[in-house]
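The values are calculated or read from the model by the stated rules, or taken from the named source; none is laboratory data. Please read all numbers here as calculations on a predicted model, not as lab measurements. For neighbour counting, all protein chains shown are included, and Cβ atoms are generated from backbone atoms with ideal geometry for every residue, glycine included.
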Amino acid sequence: MANQRKKKQKDTKKEVEEKIDLNEQLDRAQAAVEENHRTALKLHSQWRSHMLRMSYIVMIVTLQQAHIPSTSCIKEVKQWNEIRKNSMEEPMSGFQAFVAVLNDSVAELLSLFCTAFLLWCLSLPMANKDFSSLPYRLSCVCIPLIVSMYFSKKEVGCISDESFQHTIEDAPERPARGFPVILIFHTIVSLSLWFMQYQVGQHDQNIEIVKKLKKDLMEVPEESDAKKVK
């Protein structure tokens, strides 16, 4: 009986030690996964801040691109008004000129709006819900419109060539419309946000797996003790 009691006490002590050791290993595993999660969030926050700073640069570049069609259009309007003045015809009014400038700068104006929406999105607190946020959705609405306007009119100019051909031999030279840099930046931001959201989801899943494994493994000894009691 004494030997059996000692053996039982030894087995119980061994089970307790194994249980403690298992707890420690699981705690270390959970701590490591949570530390990786925190590190990833820190890196994501830094990259998000970097993209926010980049959005200011994109805004400046887009403003410069918007300056080209407006300047070209104003020159054409002045030239057109001079021609009409010489032919004793009514020149284009200021409001008509303003509308003409806006019509020729739609792609650039949409690029400005899209950049502003992305800047708004990146300035929001990081919550892994960027794709469902209002500013990001508004920026996505601008993209197909920008692409359509850019490819439908790759040259700047608000006065049709036919109008000039009636009065002068050659139509004025028109610079090419700059490629909207917001299309590239929007792609970079979208891929970055997707990758960050995916990585955070993976870390959350790993933490849940470790917690579930810890819970399942800790329930096994309790079930074994219950069977021994019976």
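For every residue, the table says whether it meets (1) more than 13 Å from H186 (Cβ to Cβ); (2) touching a residue at least 40 places away in the same chain (Cβ under 8 Å); (3) not polar (S, T, N, Q).
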| site | (1), (2), (3) |
| --- | --- |
| W80 | yes, yes, yes |
| I83 | yes, yes, yes |
| N86 | yes, no, no |
| M92 | yes, no, yes |
| V106 | yes, yes, yes |
| L134 | yes, no, yes |
| R137 | no, no, yes |
| V141 | no, no, yes |
| L145 | no, no, yes |
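Tally time: how many residues in the stretch 205-230 are of a type in the set (S, T, N, Q) and modelled with pLDDT under 70? Even if it seems obvious, please write down each step before you answer.
Quick first cut of the stretch 205-230, residues of a type in the set (S, T, N, Q) only: 205-206, 224.
Next cut, modelled with pLDDT under 70 only: 224.
The qualifying residues number 1.
Applying the selection to the stretch 137-173, what residues are assigned to a loop (DSSP other than H, G, I, E, B), modelled with pLDDT under 80 and surrounded by fewer than 17 Cβ atoms within 10 Å (Cβ to Cβ)? Spell out the reasoning first.
Initially, the stretch 137-173 is screened for residues assigned to a loop (DSSP other than H, G, I, E, B), giving 153-154, 156-160, 166-173.
Next, from what is left, pick out any that are modelled with pLDDT under 80: 157-160, 166-173.
Hits for the stretch 137-173 are S160, H166, T167, I168, E169, D170, A171, P172, E173.
How many residues are in a helix (DSSP H, G or I) and surrounded by fewer than 13 Cβ atoms within 10 Å (Cβ to Cβ) if we restrict to the stretch 79-95?
Result for the stretch 79-95: 5.
Please enumerate the residues belonging to the stretch 174-204 that are surrounded by 11 or more Cβ atoms within 10 Å (Cβ to Cβ), at pLDDT below 90 and small (G, A, S).
Correct list: G178, G201.
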